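Let me begin by presenting the structure, written as structure tokens, before commenting on it.
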């Protein structure tokens, strides 16, 4: 009986994996026209697009067993820059990643009707949902990638929803410093001070990160507990860019 149960479980897992990979294959085919290469091997298939020193990577994940009627796929998107990685390495970062921003595809653009659900490529309507994935990739990460490749105008043109992908301003400080745009750092900090509008229409008070970062820079303890790690990372990023004074000159309390 135990052997039969184990064999049944193995068959179910194998079938679930086959359904997931089939969905990944369809996503890869849908996005092939945009220049993505596809790596199917491994626990999480990936699509990669290279543009000069930039890389856009889509990691395809799942969180549950699959059926023919319910085949769920999560699309994690990361934008990385070799130039940012080199800048962090030269600055002595312990783990000089080139990651500038990342997050699940559902969070890359405002959504008027609630969050984009886990992509279900099972059952009817598969072709329509694949088309929606392509549209979201084009409007989200590919559009942002185009903006990132023009660092001189990025701070003024980036949407709020783009800036909050990184979880705080430190990543953007590294990006601007790596691309010789340190003069834009004050404008970036002012955008975070004003608060950024998240997808559901509420405001994430990024100003509290700045308040705590300013206190940390003065040798004081954070007081808001909003995101202490982000506050510490902001101070470190400003130190790397030699722009701590931009934070200290802000009238925060």
Problem set entry | Hey, residue 166 in contact with a helix residue (DSSP H, G or I) (Cβ under 7 Å, 6 or more places away or on another chain), closer than 23 Å to residue 90 by Cβ and in contact (Cβ under 8 Å) with a residue 24 or more places away in the chain or not | yes
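Every residue, every condition in (1) touching a helix residue (DSSP H, G or I) at 6+ places or on another chain (Cβ under 7 Å); (2) assigned by TED's automatic domain parsing to the domain that holds residue 252; (3) modelled with pLDDT under 90, yes or no:
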{"site": "187", "(1), (2), (3)": "yes, yes, no"}
{"site": "198", "(1), (2), (3)": "yes, yes, yes"}
{"site": "206", "(1), (2), (3)": "yes, yes, yes"}
{"site": "220", "(1), (2), (3)": "no, yes, no"}
For this session: Identify, from the list 70, 37, the residue that is surrounded by fewer than 15 Cβ atoms within 10 Å (Cβ to Cβ), in contact (Cβ under 8 Å) with a residue 24 or more places away in the chain and more than 18 Å from the chain's Cα centre (by Cα).
Result: 70
Problem set entry | Which numbered condition residue 190 fails, given (1) surrounded by fewer than 16 Cβ atoms within 10 Å (Cβ to Cβ); (2) under 19 Å from residue 95 (Cβ atoms) | (2)
Seminar exercise, completed: Matching residues in the range 232-241 (touching a helix residue (DSSP H, G or I) at 6+ places or on another chain (Cβ under 8 Å) and either free of Cβ contacts under 8 Å to residues at least 24 places away in the same chain or not in a helix (DSSP H, G or I) (or both)) number 3
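The values are calculated or read from the model by the stated rules, or taken from the named source; none is laboratory data. The structure presented is a predicted model; accordingly, all values stated were derived computationally and were not measured. A quick note on method: Cβ atoms are made from the backbone with ideal geometry, for glycine too, and the neighbour counts reach across all protein chains shown.
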